[in-house]
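The values are calculated or read from the model by the stated rules, or taken from the named source; none is laboratory data. None of the values given here were measured: they were computed from a predicted structure. Neighbour counts run over all protein chains shown; Cβ positions are idealised from the backbone, glycine included. Remember, those area values only see protein heavy atoms, side chains included, never the ligands or the DNA or RNA. Shrake-Rupley method; radii C 1.70, N 1.55, O 1.52, S 1.80 Å.
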Amino acid sequence: MFIVYINLDRATVRNAFMQDMFAARGIEARRISAIDGALLSDAESKAVARPRPGFQHLAKAEIGCFLSHRKAWAEIAASPFDWGCVFEDDMLLAEDSAAFLASTTWIPRKAHLVKLETLPLQRLALGQEQSIPKRGRSLAKVHSVSYGTGGYLIRRDIAARLLAQTQSFSIPVDQAMFDPAYVVLSRLNIYQLCPAICIQQKNAPDIAFMPDEAELSMIEDGRREMRLSAPERYAGWSKIKREILRIGRQVTGLFVRIAPKSQRPLMSQVSFAHLAGDSFTHGST
């Protein structure tokens with residue numbers, strides 16, 4: 001498996017943290033120099049980000065994030081490996097992570113993407129869990145929106161297809177990959193590893209594993225700045241369109257909640273409690 005992690009050149013503390021993390025886990029990973037959205041000119045942003053009428057424009061940090069994942073996909077597509085693994089640079093990995101990254105024999109043949117991370121506040125509709133022999137975890141097919149690109153496996157041919165289909169884009173990278181309403185590639189078989197083997201710091205408020213001096217993510221600040229700088233984009237028909245989409249999501253969520261358990265098991269995101277007692281702390285190897 002070809003393993004990469006995405007890291008901004010200026011985020012040196014995060015890079016050191018991830019290197020220590022991989023060393024502690026016995027994992028070899030290649031660093032991908034991330035695209036810094038803050039350094040993109042307006043012309044560079046407009047060349048790739050093509051907003052849809054009625055949809056929120058992407059902040060430059062979101063554009064940089066999408067372009068960074070495209071760099072990772074390009075590396076994976078050009079590699080000799082059937083599968084690639086992509087991490088962002090603020091992840092806590094479970095102690096047994098290496099066992100899942102050392103081979104692909106545990107991955108279903110029909111799988112296209114496998115999510116490795118947990119988002120505790122996100123509720124998922126998961127299919128029947130399939131136990132992974134001798135690894136103490138299981139896999140379940142995802143039947144709902146599943147946000148986040150902190151840690152995932154991607155098949156080489158899917159990386160190549162995503163790369164070809166996202167030369168321009170209008171939505172965040174996690175929506176393009178994992179939101180059934182907007183995905184770039186349809187009919188993909190997406191699985192969730194249960195329990196997950198990694199979590200981002202922003203999703204783990206009770207586990208302070210990143211160094212205090214670690215660089216902050218600019219994505220949320222960028223989104224707020226976009227809303228404040230161009231309020232007219234979110235008025236009138238745009239507001240109506242967003243409200244229609246919101247109601248549609250609520251109806252979809254209601255259907256998933258009341259569907260028979262044989263079709264839609266309990267929608268609870270995988271627990272990250274198994275990471276809470278992890279022995280790794282920042283700065284240690």
Selection status of residue 146, touching a helix residue (DSSP H, G or I) at 6+ places or on another chain (Cβ under 7 Å), under 20 Å from residue 173 (Cα atoms), open to solvent by less than 10 Å² (accessible area, probe 1.4 Å) and of a type in the set (Gly, Ala, Ser): yes
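Mind checking which residues of segment 75-98 are surrounded by 15 or more Cβ atoms within 10 Å (Cβ to Cβ), farther than 26 Å from residue 202 by Cβ and touching a Phe, Trp or Tyr at 6+ places or on another chain (Cβ under 9 Å)?
If the condition is that a residue be surrounded by 15 or more Cβ atoms within 10 Å (Cβ to Cβ), farther than 26 Å from residue 202 by Cβ and touching a Phe, Trp or Tyr at 6+ places or on another chain (Cβ under 9 Å), then 79, 83 are the ones that fit.
Which strands (runs of 3 or more DSSP E) does segment 25-137 wholly contain that include 2 or more residues that are touching a Cys at 6+ places or on another chain (Cβ under 7 Å) and more than 12 Å from residue 4 (Cβ to Cβ)?
Values: elements: 30-33, 83-88, 91-93, 113-115, 130-132.
Of the strands (runs of 3 or more DSSP E) lying wholly inside segment 25-137, those with at least 2 residues that are touching a Cys at 6+ places or on another chain (Cβ under 7 Å) and more than 12 Å from residue 4 (Cβ to Cβ) span 91-93.
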Against the conditions (1) assigned to a strand (DSSP E or B); (2) farther than 29 Å from residue 55 by Cβ, where does residue 192 fall short? Just the number, please. (2)
Looking at segment 161-170, can you tell me whether even one residue there is at pLDDT 50 or above, of a type in the set (A, V, I, L, M), farther than 26 Å from residue 11 by Cβ and assigned to a helix (DSSP H, G or I)? yes
Which members of segment 19-47 meet the condition of being under 17 Å from residue 69 (Cα atoms) and either crowded, with 17+ Cβ neighbours inside 10 Å or under 20 Å from the mean Cα position of the chain (by Cα) (or both)? 29, 30, 31, 32, 33, 34, 35, 36, 37, 40, 45
Mind listing just one residue for me: the one in segment 63-74 that is over 12 Å from the mean Cα position of the chain (by Cα) and open to solvent by 10 Å² or more (accessible area, probe 1.4 Å) and, of those, farthest from residue 34 (Cα to Cα)? 74
